[in-house]
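See structure below.
The values are calculated or read from the model by the stated rules, or taken from the named source; none is laboratory data. From a predicted model like this one, the values you see are computed outputs, not experimental measurements. Here the Cβ positions follow ideal geometry from the backbone for every residue, glycine too, while neighbour counts run over all protein chains shown. Side chains included, ligands, DNA and RNA excluded: accessible areas come from the protein's heavy atoms. Shrake-Rupley method; radii C 1.70, N 1.55, O 1.52, S 1.80 Å.
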Amino acid sequence: MIRPAGAPDLVSLAALYHRVWHETHGSHMPRAERDARDERFFLNRMASLMPNVVVCEDAGTIVGFVAWTGSLLGQLFLDAHARGSGSARSLIEAAESGLRAQGVAEAELHCLVGNERAKRFYERGGWHVSEIMAAAVRGDMGGEQRDFWVMRKRLAPHGL
Ligand SMILES: CC(C)(COP(=O)(O)OP(=O)(O)OC[C@H]1O[C@@H](n2cnc3c(N)ncnc32)[C@H](O)[C@@H]1OP(=O)(O)O)[C@@H](O)C(=O)NCCC(=O)NCCS
């Protein structure tokens, strides 16, 4: 089931975000960035993302979510057992409708270079890589950078 998130979901959403970020992104990040991203970090981040958050629920348990800020689709995270189920497609379509309803003509997302599964998923849904950007992360010896694919998708027909 796909539905808007509510305040009662914040703790379970933060736990899922924390779990899946460390499972799929942690190994690409310096230790300092991993250590900074504890449960409190994700709870604060989830609270700041509301209300543009949509969840996927299976038998009463949240198994994934999508969130956006302005024209940036910043988060799409599914638990491992929910991947390949089609739920990701339902979530991103819900986000694209939300963005469109908020007047966004072209949406953007940033996908860590190397995350091939996600890139394939987005490309299959009509997103394309427009450029690569280097983003600052917390490094063990001061600032470090990681490369992200900047991907874009037009949500409104040209000229609208
Ligand atoms: C990214 C994500 C939402 C995609 O949803 P999904 O349900 O896994 O999507 P799919 O199963 O359709 O897989 C997408 C594509 O990757 C392919 N794929 C599956 N497993 C793969 C793997 N281990 N490595 C590379 N590609 C893989 C699939 O075949 C599919 O390609 P295809 O459509 O050409 O057949 C989901 O994998 C996820 O939540 N990952 C962890 C968090 C994350 O990386 N989020 C994105 C941050 S930008």
Hey, ASP35 hits all of (1) surrounded by fewer than 16 Cβ atoms within 10 Å (Cβ to Cβ); (2) in contact with a strand residue (DSSP E or B) (Cβ under 6 Å, 6 or more places away or on another chain) but one; which does it fall short on? (2)
Checked the range 64-74 for anything open to solvent by less than 20 Å² (accessible area, probe 1.4 Å) and within 10 Å of the ligand (Cβ to nearest atom); matches are GLY64, PHE65, VAL66, LEU73
Tell me which residues, restricted to the range 38-58, are touching a residue at least 24 places away in the same chain (Cβ under 8 Å), within 16 Å of ALA7 (Cβ to Cβ) and part of a helix (DSSP H, G or I). PHE42, LEU43, ARG45, MET46, ALA47, LEU49
Exactly one of ALA67, ALA15 is assigned to a strand (DSSP E or B), closer than 28 Å to GLU144 by Cβ, at pLDDT 95 or above and of a type in the set (A, V, I, L, M), and that one is ALA67
Yes or no: GLU106 more than 8 Å from the ligand (Cβ to nearest atom), of a type in the set (D, E, K, R) and over 16 Å from VAL150 (Cβ atoms)? no
Check the range 120-130 and report whether any residue there is farther than 20 Å from ALA67 by Cα, modelled with pLDDT of 95 or more and away from the ligand (no atom under 14 Å from the Cβ). yes
Single residue of the range 104-147 satisfying the filter (more than 15 Å from HIS28 (Cβ to Cβ) and touching a Leu at 6+ places or on another chain (Cβ under 8 Å)) that is surrounded by the fewest Cβ atoms within 10 Å (Cβ to Cβ): GLU106
Which residues, taken from the range 67-88, are under 17 Å from ARG120 (Cβ atoms) and under 13 Å from the mean Cα position of the chain (by Cα)? LEU73, LEU76, PHE77, LEU78, ALA88
When only residues in the range 19-32 that are within 17 Å of HIS81 (Cβ to Cβ) and out of contact with any Leu (no Cβ under 8 Å at 6 or more places or on another chain) count, which is surrounded by the fewest Cβ atoms within 10 Å (Cβ to Cβ)? GLU23
For ALA5, indicate whether it is more than 24 Å from MET133 (Cβ to Cβ), open to solvent by 50 Å² or more (accessible area, probe 1.4 Å) and over 14 Å from the mean Cα position of the chain (by Cα). no
Examine the range 84-92 for a residue that is surrounded by 14 or more Cβ atoms within 10 Å (Cβ to Cβ), touching a residue at least 24 places away in the same chain (Cβ under 8 Å) and more than 8 Å from the ligand (Cβ to nearest atom), and state whether such a residue exists. yes
